[in-house]
Structure formats: structure tokens, C-alpha cells
Amino acid sequence: NIMKLWHAGLVHGDLNEFNILMKDDELFFIDLAQAVPTKSPIAKELIERDLTNLERLAKKYGIAFEAKKDFIKEKN
């Protein structure tokens, strides 16, 4: 979903466990009011924060997940 947003030209900017919903094994991001364009000067900072938050959340539930590494690989 982060890649879908990125390809749509947006960075969530406040992605955390309170802004991710799941229904029928599908994830949905909510609270996109603060999303910024990927061309914004702060987009890189915000995507890194979002990815760090996802890594922290995965670790909390014992899931091995390297969001930053995976994102960079997918983005390129």
C-alpha cells in the first residue's frame, strides 16, 4: 500500500497502527488528510518515518520486516 501511494505521487506522513485498518485480509490506510506529494521537500523525511513506524509495529508483533530495505528495492 505504501508503494501504491508512492506511485500515485503521495506519502502518508503519519502512518502508524492507528491509521491502518484490516478487513478480509486486506489493509487500508486512513487519515490521509496530511499526505504530501512525493515531490515535496519533506517527502523523504516523511516516508522514512512511515517506514520506521511500520518496522516498529512489525517488531512489536514478532514479524521480521525490513520496510526501508524493501521499499528502496521496490522503488528502484
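Projected onto the charge dipole of the chain (+1 at Lys/Arg Cβ, -1 at Asp/Glu Cβ, origin at the Cα centre), which of V11, A58, P41 gives the Cα projection farthest towards the positive end?
Sorting the options by dipole projection puts first P41.
Across the chain, how many lysine pairs, 8 or more apart or on two chains, come within less than 19 Å at their alpha-carbon atoms?
Taking the Cα cut-off of 19 Å, the pair count is 17.
Contour minus end-to-end for E48 and D25, with contour as 0.36 nm per residue of separation and end-to-end as the Cα-Cα distance? Let's see the in-between values first.
Details: separation 23, 0.36 × 23 = 8.28 nm, distance 2.51 nm.
Extra length from E48 to D25 when fully extended: 5.8 nm.
Rounded to the nearest percent, how much of the accessible area of the chain (1.4 Å probe, protein heavy atoms only) is carbon and sulfur? Show your work: numbers first, answer last.
Details: 3170 of 5540 Å².
That share works out to 57 percent.
Accessible area per residue for region 1-68 in Å², computed with a 1.4 Å probe and the full protein assembly in place, what is it?
On the way: 4730 Å² over 68 residues.
On a per-residue basis, 70 Å².
Tilt of helix 43-60 relative to the longest C-alpha principal axis of the chain, in degrees (0 to 90, nearest 10)?
Computed tilt is about 0 degrees.
Any idea what the dipole of the chain comes to, in debye rounded to 20, about its Cα centre with Lys/Arg Cβ at +1 and Asp/Glu Cβ at -1?
Around 300 debye, computed over the chain.
Running Debye on region 3-76 with equal point scatterers at the Cα sites and no solvent, what base-10 log of I(q)/I(0) appears at q = 0.14 Å⁻¹?
Debye intensities relative to I(0), on a log10 scale: -0.43.
The values are calculated or read from the model by the stated rules, or taken from the named source; none is laboratory data. Everything quoted here is computed from the prediction, not taken from an experiment. Please note: Cβ atoms are built from the backbone with ideal geometry, for glycine as well, and neighbour counts cover all protein chains shown. Side chains included, ligands, DNA and RNA excluded: accessible areas come from the protein's heavy atoms. Shrake-Rupley method; radii C 1.70, N 1.55, O 1.52, S 1.80 Å.
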